[in-house]
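The values are calculated or read from the model by the stated rules, or taken from the named source; none is laboratory data. Here the structure is a predicted model, which is why all the values come from computation and not from measurement. Virtual Cβ from ideal backbone geometry, glycine too; neighbours counted across all protein chains shown. Quick note on the areas: whole protein, heavy atoms, side chains included, nothing else; ligands and nucleic acids left out. Shrake-Rupley method; radii C 1.70, N 1.55, O 1.52, S 1.80 Å.
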Amino acid sequence: MRLNVAGRRSVLVTGGAGYLGSVTCARLIECGYRPVVLDDYSNSHPTVIERIARLTGEPVRCIRGDVRDGALLDDLLAREAVVAAIHFAGLKAVGESASRPFDYWDVNVGGTLSLLRALDRAGVRRLVFSSSAAVYGQSQQLPLAEDSPQAPANPYGHTKLAAERVIADVAATHPDWAAACLRYFNPVGAHPSGLLGEDPRGVPNNLMPYLAQVAVGRRKALTVHGNDYPTFDGTGVRDYIHVLDLADGHIAALRHLQTNPGVHCFNLGTGAGHTVLQLKAAFERACGHALAYRIGPRRAGDVAACVADPTRAREVLGWRATRDLAQMCADTWRWQRMHPAGYPD
Ligand code: WQD
């Protein structure tokens, strides 16, 4: 067992200063690990590292850099006795991916390949990979299980599925390799302290941060992308999962890999779907006032509904999501109220 001075198992966390990465780093420390963060701050803030340290009472080592820099990774892995890596670093805007395929393939697939090479050279053959429900694409039988057909509908989804393929091919080269591909549904919420949350650059693409910015007065009104879908109220249905539940899923996967070599895929969702208008109503209950909205046209690339079957993660990892929509909204609202303009620069 590769332990550092404090007797903690070090875990390399790429993208550890990001929305999901930062909450996961806090949970890693609470669970006895020592995260070593690699982040280029292209979609995150240096402030976040200090926040994690404030929350946990543990200093957090953070190296600024790009996961595609093999020499940097070799140097980091030679100095830090990591036992595994969690790979969050990547580009994740579905709409943007269609206009930036070069970047999405280079960062999401090239970055994963670069990390795998460095880990293999260092003999650290344990990886938890941030994948996405976007690998399933559209018009699927719901709920989605891990063996549901995979037909990504956009370059973002294709890069996540391709990265999973690369991981599987590399893992087949050495019996020590153990990897978990975690397919997130819709991550939302914030750390209950209000110190860590989602702070998208520019106009939010995603529903929850947009609702939060309307609630805090930063945006005038929500545009609902279509209300003519074959759903309960005509608006899109998604499986929203609290970012803390997602973090716990990563801890459970890390533990599973200690005794289970090979490659394992898991859907991380709640198994429950909610419409846009249901989420808006839940957020209004959390913030205490009505949120202005208008009905607009459908958004290109959207599916009517996307809901997980989380059975496999429950049966194999002993993991299930425990936080409900009310807590997701309450934690998001606390974060947004404390940071009306996002993290301070
Ligand atoms: C949710 C619902 C919209 C904004 C994406 C990625 C996915 C994952 C999460 C990384 C839909 C509606 C939204 C708005 C709206 N990312 N909506 N008005 O598209 O389900 O998933 O983010 O892993 O891979 O695909 O999330 O929050 O954008 O949309 O009406 O201003 O809210 O139409 O029905 P999505 P979303």
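Numbers below:
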| quantity | calculated |
| --- | --- |
| Pairwise centroid distance, computed over Cα atoms, of region 150-165 with region 73-103, Å | 15 Å |
| Chain lengthening between R121 and E50 when straightened (0.36 nm per residue, less Cα-Cα) | 22.4 nm |
| Cα-centre dipole for the chain with unit charges at Cβ (Lys and Arg positive, Asp and Glu negative), debye to 20 | 520 debye |
| Signed unit charges on C-beta, dipole axis of the chain, positive-most listed residue G57, A98, A281 | G57 |
| Net charge, D199 excluded, C-beta distance under 13 Å - Lys, Arg +1, Asp, Glu -1 | +1 |
| Accessible area (Å², per residue) of region 40-173, counting only protein heavy atoms and a probe of 1.4 Å | 45 Å² |
| R337/D69 FRET efficiency (R0 56 Å; Cβ-Cβ; nearest 0.05) | 0.90 |
| Protection-proxy order for peptides 117-127, 85-95, each taking the mean of Cβ atoms within 10 Å per residue, highest first | 85-95, 117-127 |
| Region 229-312 - percent relative contact order, Cα under 8 Å, separation 6 or more | 50 percent |
| Ratio of the Cα radius of gyration of the chain to 2.2 N^0.38 Å, where N counts its residues | 0.95 |
| Set of lysines near K280 by C-alpha distance (under 27 Å), chain-local residues within fewer than 8 positions excluded | K92, K220 |
| Carbon + sulfur, % of accessible area of the chain - ligands and nucleic acids excluded, 1.4 Å | 51 percent |
| Residues of region 213-238 with amide N under 19 Å of the 7 Å Cα→Cβ point at S99 | 223, 225 |
| Cα-based shape type of region 188-250, given that a ≥ b ≥ c are square roots of the gyration tensor eigenvalues and the cut on a/c is 1.5 | oblate |
| Region 20-88 - percent relative contact order, Cα under 8 Å, separation 6 or more | 34 percent |
| The chain - share of DSSP beta bridges that are antiparallel (%, nearest 5) | 5 percent |
| Whole-number D in µm²/s for region 89-147 (Stokes-Einstein; Kirkwood sum over Cα pairs; 20 °C, 1.002 mPa s) | 158 µm²/s |
| Whole-number percent relative contact order across the chain, with pairs defined as alpha carbons under 8 Å at least 6 apart | 18 percent |
| Whole-number accessible area per residue in Å² for region 221-332, which is evaluated in the context of all protein chains at 1.4 Å | 42 Å² |
| Residues of region 181-207 with amide N under 17 Å of the 7 Å Cα→Cβ point at Y293 | 188-189, 204-207 |
| FRET E, pair A272, D345, Förster distance 56 Å, beta-carbon r, rounded to 0.05 | 0.90 |
| Under the Karplus curve 6.51 cos²θ - 1.76 cosθ + 1.60, θ = phi - 60°, whole-Hz ³J(HN,Hα) for region 211-226, x wherever Gly or Pro sits | 4, 4, 6, 5, 4, 8, x, 7, 10, 6, 7, 7, 9, 7, 7, x |
| Theoretical FRET efficiency, 1/(1+(r/R0)^6), r = Cβ-Cβ of T173 and A221, R0 45 Å, to 0.05 | 0.25 |
